[in-house]
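So the structure is just underneath, and the comments pick up after that.
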Amino acid sequence: MGFDTSGLLPLSDALQGMLEQLACCCDSEQLPLPQALGRILASDIASPLAVPPFDNSAMDGYAVRLADLAAGIPLIMAGKAFAGQPYQGEWPAGHCVRIMTGAPVPVGTDAVVMQEETQADGDRITFLAQPEPGQNIRRAGSDIDKGASVLQAGTRLTPREMPLLASLGIATVPVRRPLKVAIFSTGDELKPVGAPLAHGDIYDSNRYGVRAMLARLGCDCLDLGIIPDDPAQLRAAFIRADEEADVLITTGGVSVGEADFTKQLLDELGEIGFWKLAIKPGKPFAFGRLPRAWFFGLPGNPVSAMVTFDQLVQPALAKLAGQRFERPLQLQAVTTEPLKKSPGRLDFQRGILSQGPNGLEVRSTGSQDSAVFSSLSRANCYIILEPERGRVAAGETVTVEPFGGLLL
């Protein structure tokens with residue numbers, strides 16, 4: 001597949017090489033607006049109307065014509081306008097109209113004077129300030145012009161977009177079907193949660209993290225469970241995943257020295273570009289494809305699996321699902337304690353970011369071993385240390401990446 005597997009591949013090169021091969025594979029469908037939350041727009045949305053659709057008042061007050069105010073005498077209130085109940089009566093010279101926020105302004109209105117700048121004596125209204133033309137009037141289309149693009153294809157619909165679409169009267173939206181992802185864990189030592197452990201056994205934890213992240217991404221998950229290190233069972237799982245899913249994600253079985261069944265099966269059924277990433281944790285990672293489905297092989301160590309999913313698999317799944325993906329925000333923070341590191345690999349240490357008296361501060365969560373999952377559960381950010389960087393002293397500035405939607 002064109003990957004150089006002779007050495008350690010930089011993360012940026014691995015991600016670029018992977019994304020260049022991927023394209024959206026999810027068809028579109030029309031859904032009623034309430035059912036579209038969390039789905040990805042399949043096409044741009046243009047506004048079918050202007051927002052606001054009419055000139056309206058931004059304040060509770062009085063609609064006036066500037067010429068009537070020129071004489072400096074009180075105006076007579078001709079009537080009232082409410083949101084949903086416009087004033088439709090006569091508006092003689094020397095009169096004003098009581099108006100509430102959101103109500104359409106009567107034809108001929110030059111400004112709205114807020115009620116705090118007036119004095120009322122029955123129907124006689126004295127104005128204490130001279131308004132500017134257009135003051136406190138929201139003009140039709142001042143927010144959105146009719147026909148203007150309001151949302152782009154690839155946008156995931158969140159609670160921020162739903163009221164916008166509703167305000168435009170859009171009842172159905174074109175969205176992508178969810179990406180279907182098959183997952184399983186490999187290893188004879190793995191046991192399901194709740195089962196007793198024999199000597200040498202461990203619980204299968206990675207699938208729970210992968211399933212949770214897939215749920216955050218809106219994917220449909222086909223969970224094939226734990227597959228032992230048996231070629232026949234692994235082959236059957238690969239074939240089923242290829243037939244029923246768009247993507248297969250496995251954990252374990254891709255490190256040097258482990259049973260090589262995964263590579264053999266991928267060589268037999270499809271094609272594979274194995275590489276060793278120049279990152280820590282997460283050096284062993286596999287990417288390839290089956291006849292129909294794409295394949296991502298995560299490391300078996302739990303922190304490595306989560307980090308590689310977050311940094312590599314998440315943007316890949318976004319592209320396959322048709323989502324516009326933006327890299328997470330990175331900030332600068334000062335370390336409050338020394339950090340251990342050896343030059344050579346890009347290091348994603350787990351940290352706790354907080355606001356200090358002089359700006360952002362970050363400290364380590366403790367052991368950074370890739371098997372110590374508690375270091376990730378206590379963290380709220382990555383501390384990203386450059387490949388050439390060595391040990392970090394307290395007080396040095398480092399790059400941090402706050403956890404986003406996947407890990408929060």
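What follows is calculated from the coordinates using simple rules that are stated; it is not laboratory data. If you're wondering where the values come from, they're calculated on a predicted model, not measured in any experiment. Quick reminder, even Gly has a Cβ in these numbers, built from the backbone with ideal geometry, and neighbours come from all protein chains shown.
Where the alpha-carbon atoms of the chain are placed on the principal axes, they occupy 93, 52, 44 Å, in descending order. Relative contact order, whole percent, for the range 1-97 stands at 19, derived from Cα pairs under 8 Å and 6 or more residues apart.
About the Cα centre of the range 331-402, how large is the charge dipole given +1 on each Lys and Arg Cβ and -1 on each Asp and Glu Cβ? Please answer in debye to the nearest 20. Before the final figure, lay out each step's value.
Values: 8 positive and 8 negative charges, 34 e Å.
In debye, rounded to 20, the range 331-402 gives about 160.
The phi torsions of the range 173-182, fed into the Karplus equation with coefficients 6.51, -1.76 and 1.60 and a -60° offset, translate into couplings of 10, x, 10, 7, 5, x, 5, 9, 10, 8 Hz, rounded to whole numbers, with Gly and Pro shown as x. Treating each Cα of the range 144-236 as one equal point scatterer and applying the Debye formula with no solvent, the log10 of I(q)/I(0) at q = 0.12, 0.13, 0.24 Å⁻¹ comes out as -0.59, -0.64, -1.25.
In the chain, the longest principal axis of the Cα atoms and the axis of helix 206-216 are about 20 degrees apart. The calculated Kirkwood hydrodynamic radius for the range 331-402 is 12.0 Å, given to one decimal from all distinct C-alpha pairs.
Using just its DSSP H runs of length 4 or more, each adding -39500 (n - 2.57), the chain gives a mean residue ellipticity at 222 nm of -5000 deg cm²/dmol after division by all residues.
Taking a quarter of the surface of the Cα convex hull of the range 249-408, what do you get in nm²?
Values: hull surface 40.1 nm².
Computed as one quarter of the Cα hull surface, the answer is 10.0 nm².
Roughly how big is the chain's charge dipole about its Cα centre, with Cβ charges of +1 (Lys, Arg) and -1 (Asp, Glu), in debye to the nearest 20? Before the final figure, lay out each step's value.
Numbers: 36 positive and 46 negative charges, 57 e Å.
So the dipole magnitude of the chain works out to roughly 280 debye.
Charging the Cβ of each Asp and Glu at -1 and of each Lys and Arg at +1, and nothing else, the dipole of the range 56-138 about its Cα centre rounds to 180 debye. Note on the range 56-138: Cα-Cα pairs beyond 16 Å make up 41% of the total pair count. Taking every alpha-carbon pair under 8 Å whose residues sit at least 6 apart, the range 56-138 reaches a relative contact order of 39 percent.
Straight-line cross-link reach from residue 341 at under 16 Å between alpha-carbon atoms covers these lysines, not counting any fewer than eight positions away in the same chain: 280, 283. The range 1-79 and the range 141-168 have their alpha-carbon centroids 4 Å apart. Of the residues 72, 302, 358, the one whose Cα sits farthest towards the positive end of the charge dipole of the chain is 358 (charges of +1 on Lys and Arg Cβ, -1 on Asp and Glu Cβ, taken about the Cα centre).
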